[in-house]
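The values are calculated or read from the model by the stated rules, or taken from the named source; none is laboratory data. Predicted, not measured: the structure shown is a model, and the values here were computed from it. Heads up, the Cβs are rebuilt from the backbone with ideal geometry, glycines too, and the neighbour counts pull from every protein chain shown.
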Amino acid sequence: MLRGTDTRVEAIAYGVALAAWLARDTPRGRSAAPRWGHPAVLVLGGLLFVAGSAVFRGWWGEQAFRSTAQALAAVLTILHFQSGGRERSRTVPRVVAWRPIQAVGLASYSIYLVHGPILLALEPVLPEGPGPLLVVARVAVSLVAGWILYRVLETRVLEFRKRRDPQPPVRAVPSAAQSAR
């Protein structure tokens, strides 16, 4: 089943609402924020992601709940780390500093662009089904193809753009709350 614009719009709507909530200026500050930094929030986000990826598959729940569960998992994860969860964690900085994770982050847009066509091209070669080995094979092929696209095309386009249009440094603009202090 291919995901349509409706699932992307839902995720974008959650992201916009979250960004607006995090950027709000309130007289009392963000008093509710520390609750979101609790490890249980991250666990709940992980469970929602697993449910969206593995549980809600192949039945009406996939169309009804999958994209919502995955979008809410992303929201909870962002809330956790924006609310101080990263300061209490020793594992997250180590994981984020791991070079393969950084490589996936750098190539993430290329991976996103290439994974759909790669999965369609693999359909005649790989058997049907959500078996764990097939998932690992599809993810591995998509990651490698995306990384190659990133190295061969995206980095060169970015270098060309920098040479053609050098950008002046961006200055931070203080928020209304910071200006009032």
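Go through the residues of segment 164-181 one by one and say whether even a single one is outside the structural domain of residue 23 (by TED's automatic domain parsing), at pLDDT below 85, surrounded by 11 or more Cβ atoms within 10 Å (Cβ to Cβ) and assigned to a helix (DSSP H, G or I).
Scanning segment 164-181 turns up at least one residue that is outside the structural domain of residue 23 (by TED's automatic domain parsing), at pLDDT below 85, surrounded by 11 or more Cβ atoms within 10 Å (Cβ to Cβ) and assigned to a helix (DSSP H, G or I).
Go through the residues of segment 78-94 one by one and say whether even a single one is modelled with pLDDT of 85 or more and of a type outside the set (Phe, Trp, Tyr).
Checked segment 78-94: no residue is modelled with pLDDT of 85 or more and of a type outside the set (Phe, Trp, Tyr).
Any idea which residue in segment 109-134 is nearest to the chain's Cα centre (by Cα), counting only those that are small (Gly, Ala, Ser) and either loosely packed, with under 14 Cβ neighbours inside 10 Å or not assigned by TED's automatic domain parsing to the domain that holds residue 144 (or both)?
116
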